[in-house]
Amino acid sequence: VYADKYQESGFTGAFNFYRAMDLNWELLAAREGTKVTIAMKFIVGDKDIGFESNGTREYITRDVFKRYIPNLEVVILDGHHFIQQERAQEVSNETLSFASFQDIE
């Protein structure tokens, strides 16, 4: 399925995120230290290479991440980078439980 879609449109969009990484850092520099005050749920696979590299696991599971996002709930599932595909039902359940928790008007 993915190969067919990429043949139609290419893979440029995914690469543009990385091409703009330095620009993103530059544009967001003025917001350094700003807290995210809305409730947030972060779902990650315990074997995700991004979660396992450069101290990311420690940053997320210790109090550092919560300093910037005080209303954060971290959910670590058994899985890899595409956790929404590997554990679709669990991710859906987590998402629905988060949405039902929110007072949306």
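The values are calculated or read from the model by the stated rules, or taken from the named source; none is laboratory data. What you are looking at is a predicted structure, and each value in this text was computed from that prediction instead of being measured. Heads up, the Cβs are rebuilt from the backbone with ideal geometry, glycines too, and the neighbour counts pull from every protein chain shown. Note: areas computed on protein heavy atoms with side chains; ligands, DNA, RNA excluded. Shrake-Rupley method; radii C 1.70, N 1.55, O 1.52, S 1.80 Å.
Summary of computed values
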quantity: Region 64-77 residues that are under 19 Å from SER97 (Cβ atoms), paired with ones that are part of a helix (DSSP H, G or I) and open to solvent by 30 Å² or more (accessible area, probe 1.4 Å) (beta carbon under 7 Å, 6 or more apart); calculated: LEU72/PHE65; LEU72/LYS66; VAL74/THR61; VAL75/GLU94; LEU77/GLU90
quantity: Count of residues meeting criterion [part of a helix (DSSP H, G or I), in contact with a helix residue (DSSP H, G or I) (Cβ under 8 Å, 6 or more places away or on another chain) and open to solvent by less than 60 Å² (accessible area, probe 1.4 Å)] in region 65-93; calculated: 3
quantity: Tabulated pairs, region 83-100, first touching a residue at least 24 places away in the same chain (Cβ under 8 Å), second open to solvent by 70 Å² or more (accessible area, probe 1.4 Å), C-beta under 7 angstrom, 6+ apart or interchain; calculated: GLU86/HIS80; VAL91/GLN84
quantity: In region 53-63, the residues that are open to solvent by 100 Å² or more (accessible area, probe 1.4 Å) and either under 27 Å from LEU96 (Cβ atoms) or not acidic (Asp, Glu) (or both); calculated: ASN54, ARG62
quantity: Residue ID - least open to solvent (accessible area, probe 1.4 Å), chosen from residues in region 24-52 that are of a type in the set (Asp, Glu) and in contact (Cβ under 8 Å) with a residue 12 or more places away in the chain; calculated: ASP48
quantity: Extreme residue, farthest from GLN84 (Cα to Cα), among residues of region 11-66 that are small (Gly, Ala, Ser) and modelled with pLDDT of 90 or more; calculated: ALA30
